[in-house]
Amino acid sequence: MADLREVEQFLFHEAALLDNRKFDEWLELYPDDALYWVKSHCRGGIALYSDVAEEKRKAVEAEGSTNGNS
């Protein structure tokens, strides 16, 4: 089991990736079957949820369309 320091380091690393807009690297932190929730400020505090596998699929599709491979 991870100790407090390991968890803290993971969270700082995760935040740095997001702050630097390294979303593909951030997605790689999680297995494909992971789910995550994001608090939405524009929807009255309703939590939005998505799954990592879907986000990775969207990223691959977007990369293909920007390379002219759609």
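Each value in this text was obtained by applying a stated rule to the coordinates, not by laboratory testing. Because the structure is a prediction, the values reported are computed rather than measured. No Cβ is skipped: glycine too gets one built from the backbone with ideal geometry, and neighbour counts run over all protein chains shown.
Pulled fully out, how much extra length does the chain show between residue 23 and residue 3, if you take 0.36 nm times their separation in residues and subtract their Cα-Cα distance?
Answer, rounded to one decimal: 4.6 nm.
May I ask you to derive the FRET efficiency for residue 13 and residue 61 from their Cβ-Cβ distance with R0 = 30 Å, giving the value to the nearest 0.05?
Approximately 0.65, to the nearest 0.05.
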